[in-house]
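Following: one structure in structure tokens, then a few remarks.
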Amino acid sequence: MPDPYRAPETSHRYVLDLVRAADRERFLGALFAPEPRRAGLLALLAFDHELARTRIVTRESMLARIRLQWWREAVAEAAGRGRPRAQPIVESLSETVR
């Protein structure tokens, strides 16, 4: 069995800072999660935040669809065997789902 994927520490730090700034209540709740599970929980919260931002950062429905399709493909890659996309949330999420 190959070694499990490990996201760079900078990706985990990015995710932690993003969730802390974007959703303080969930961030504080995540701190109660056991240490081995906390990084995965924060990755899921950051992913949720990025999906929710779609309505804010796009005004046209086609651009929103493109953005959501990008995330759909990124999550599929994250769950696969190859290297995930070089995006901090995707890298952290990849470590979680694998």
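The values are calculated or read from the model by the stated rules, or taken from the named source; none is laboratory data. Remember, it's a predicted structure, so these values are computed and weren't measured experimentally. Surface accessibility is based on the protein's heavy atoms, side chains included, excluding ligands, DNA and RNA. Shrake-Rupley method; radii C 1.70, N 1.55, O 1.52, S 1.80 Å.
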Accessible surface, per residue, of the range 1-49 when the full set of protein chains is kept, probe 1.4 Å, Å²: 71
How would you classify the chain from its alpha-carbon gyration tensor, with a ≥ b ≥ c the square roots of the eigenvalues: rounded for a/c under 1.5, else prolate if a/b is greater than b/c, otherwise oblate? oblate
Sulfur and carbon atoms: percent of accessible area, the chain [1.4 Å]: 57
The range 53-98 accessible area per residue, 1.4 Å probe, protein heavy atoms, integer Å², reads 69
